[in-house]
1. If LYS98 meets every condition in (1) under 21 Å from GLU58 (Cα atoms); (2) modelled with pLDDT under 95; (3) among the charged types (D, E, K, R) apart from one, which number is that one?
2. Of all residues being out of contact with any strand residue (DSSP E or B) (no Cβ under 7 Å at 6 or more places or on another chain) and either in a loop (DSSP other than H, G, I, E, B) or acidic (Asp, Glu) (or both) in region 109-126, which is nearest to HIS31 (Cα to Cα)? Just the residue, please.
3. State which residue is farthest from PHE92 (Cα to Cα) when the search covers only region 117-147 and only residues that are of a type in the set (Ser, Thr, Tyr) and surrounded by 10 or more Cβ atoms within 10 Å (Cβ to Cβ).
4. What pairs can you find where one residue is in region 80-95 and surrounded by 16 or more Cβ atoms within 10 Å (Cβ to Cβ) and among the aliphatic types (A, V, I, L, M), the other is at pLDDT 75 or above and part of a loop (DSSP other than H, G, I, E, B), and their Cβ atoms are less than 8 Å apart, with a gap of 6+ or different chains?
5. For region 28-39, name all the residues that are at pLDDT below 95 and either more than 15 Å from the chain's Cα centre (by Cα) or under 20 Å from PRO140 (Cα atoms) (or both).
6. Which of the residues belonging to region 112-147 are within 14 Å of MET22 (Cβ to Cβ) and of a type in the set (S, T, N, Q)?
7. Hey, among ARG96, ARG129, which residue is among the basic types (Lys, Arg), part of a helix (DSSP H, G or I) and more than 25 Å from PHE4 (Cα to Cα)?
8. Report whether or not ARG129 is modelled with pLDDT of 95 or more and either within 15 Å of the chain's Cα centre (by Cα) or aromatic (Phe, Trp, Tyr) (or both).
Amino acid sequence: MKRFTVKAGSWLVLRKGGNVLMIKRKNTGWHDGDYALVSGHLEPGETLREAMAREAKEEVGISISIKDLKPVHVMQKTDGIGKGGDYVVVFFEAHRWKGIPRNMEPDRCSDVVWFDLKKLPENTVPLARHALKMIDDGKPYSEFGFA
């Protein structure tokens, strides 16, 4: 019998004052034209923190030590049964990093911007908006996309 599988991902909450760093997605096939947090999939043999540090370097050119990545929220998300979008996502915050965030993947990202957390753009990925609210409300776990 084939077992149901869930993918894993890491998302980064990088704050500066009352702002959060977001990237505008393009050419990915998922929420293109919308703002999201720096994020990525877990690769074989990689921890969630290692994945987050790697993605931060790849997407916005900053170096974060895994010891500086603090888990702040866990989410189980689905895009619906049979659609392949079933994930466990861990959101990490980092208060220390090296480098200035910039667009390192212009083929997949059209903008890197610090947004006021209280004034996120209308075209923010709903999952990111939900997670940021849960984090600010101090809720360590949520579910997203379920009926």
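The values are calculated or read from the model by the stated rules, or taken from the named source; none is laboratory data. Quick caveat: nothing in here was measured; it's all calculated off a predicted structure. FYI the Cβ positions are ideal-geometry reconstructions off the backbone, even for glycines, and counts take in every protein chain you see.
1. (2)
2. Filtering region 109-126 for residues that are out of contact with any strand residue (DSSP E or B) (no Cβ under 7 Å at 6 or more places or on another chain) and either in a loop (DSSP other than H, G, I, E, B) or acidic (Asp, Glu) (or both), the one nearest to HIS31 (Cα to Cα) comes out as GLU122.
3. For region 117-147, the residue satisfying everything is THR124.
4. Note: pairs meeting the criteria are ALA94/ILE64.
5. Listed by number, the list holds a single entry, GLY29.
6. ASN123, THR124
7. Going through ARG96, ARG129 in turn, just one is among the basic types (Lys, Arg), part of a helix (DSSP H, G or I) and more than 25 Å from PHE4 (Cα to Cα): ARG129.
8. Yes, satisfied.
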